[in-house]
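Note sheet for the following structure.
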Amino acid sequence: MRDFNVVVLGAGGVGKSALTARFIRDVFIENYDPTIEEEYRRTLQVDGTLTSLEVLDTAGADQFNAINEMYIKNGRGFLLVFSLTQEASLREVEMLRQQIYRVKGGSAKVPIVVVGTKLDLVNEREVPRSTIQELAARWGLPFYETSAKRNWQISTPFEDLVRQMLSRYPVESVRRKKGSRGSCVVM
């Protein structure tokens, strides 16, 4: 089994916890209660590979900016979450994306998926699909539109992220010499 840690980042109130809770426990959180930090685990099979995901649901990026850097340093994959009903939250995702590349050394190979939430709130939508398509092309990142309330497209972004992490972090093979038995050193 492969183990990966995923960090969920985005502005406050965009639905990070609702998305995470729907994915992990298949429940919808109705009331907004600002998160400081919650950690969850779920086993997931993607393309025949069993993975254990440790998902870190973080506080709104605007609230604990200094802590985000620590999360980014330790994270292997990132879900950048914005609300389709708040255009300003998409600008926050752009800042987070730049911060991830800065902290991770500018590598374009960092596993990242961008997720727009609240797809069910059609009448409140502020972010047009054309904007998302243009950013997806410019950033070279996959974008998904989801609804935790309606359970629409919840697993897909996580599965995409697992595929990226499997590709980016291949299994390290441990090579031993023939006939070699591990050694024990007592000091």
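Of the residues making up segment 12-32, those that are surrounded by fewer than 22 Cβ atoms within 10 Å (Cβ to Cβ), on the phi < 0 side of the Ramachandran plot and either touching a helix residue (DSSP H, G or I) at 6+ places or on another chain (Cβ under 9 Å) or not in a helix (DSSP H, G or I) (or both) number 7. Please pick out the residue among V110, V171 that is surrounded by fewer than 17 Cβ atoms within 10 Å (Cβ to Cβ), β-branched (V, I, T) and not in a helix (DSSP H, G or I). Of the residues listed, the single one that is surrounded by fewer than 17 Cβ atoms within 10 Å (Cβ to Cβ), β-branched (V, I, T) and not in a helix (DSSP H, G or I) is V171. From the list V115, V162, V122, the lone residue that is among the hydrophobic types (A, V, I, L, M, F, W, C) and touching a helix residue (DSSP H, G or I) at 6+ places or on another chain (Cβ under 8 Å) is V115. Return the residue satisfying two criteria in turn: it lies in segment 126-145 and is assigned to a loop (DSSP other than H, G, I, E, B) and within 19 Å of the chain's Cα centre (by Cα), and of such residues it is nearest to E159 (Cα to Cα). Selected residue: P142. Would you check if L50 is at pLDDT 95 or above, closer than 22 Å to R150 by Cα, in contact with a strand residue (DSSP E or B) (Cβ under 9 Å, 6 or more places away or on another chain) and not basic (K, R)? Judged against the criteria, L50 is not a match.
Give me the residue from segment 3-35 that is closer than 19 Å to V113 by Cα and of a type in the set (K, R) and, out of that set, modelled with the highest pLDDT. Ranking the qualifying residues of segment 3-35, first place goes to R22. One residue stands out in segment 146-168 among those that are of a type in the set (S, T, N, Q) and outside any loop (DSSP other than H, G, I, E, B): the one that is nearest to L44 (Cα to Cα), namely S155. Going residue by residue through segment 66-80, is there one that turns out to be over 17 Å from the mean Cα position of the chain (by Cα) and either over 23 Å from A21 (Cα atoms) or of a type outside the set (V, I, T) (or both)? Yes, some residue in segment 66-80 is over 17 Å from the mean Cα position of the chain (by Cα) and either over 23 Å from A21 (Cα atoms) or of a type outside the set (V, I, T) (or both). Looking at N68, N123, can you tell me which residue is surrounded by 21 or more Cβ atoms within 10 Å (Cβ to Cβ), free of Cβ contacts under 8 Å to residues at least 60 places away in the same chain and assigned to a helix (DSSP H, G or I)? That would be N68, the only listed residue that is surrounded by 21 or more Cβ atoms within 10 Å (Cβ to Cβ), free of Cβ contacts under 8 Å to residues at least 60 places away in the same chain and assigned to a helix (DSSP H, G or I).
Within segment 71-92, if we keep just the residues that are within 17 Å of L56 (Cβ to Cβ) and aliphatic (A, V, I, L, M), the residue that is surrounded by the most Cβ atoms within 10 Å (Cβ to Cβ) turns out to be V81. If we scan segment 129-144, do we find a residue that is basic (K, R) and over 23 Å from V7 (Cβ atoms)? Yes, some residue in segment 129-144 is basic (K, R) and over 23 Å from V7 (Cβ atoms). Close contacts from segment 76-97, counting a first residue that is assigned to a helix (DSSP H, G or I) and a second that is modelled with pLDDT of 95 or more and among the acidic types (D, E), with Cβ to Cβ under 6 Å and a gap of 6+ residues or different chains, come to E87/E126.
The values are calculated or read from the model by the stated rules, or taken from the named source; none is laboratory data. Source: prediction; values computed, not measured. Neighbour counts run over all protein chains shown; Cβ positions are idealised from the backbone, glycine included.
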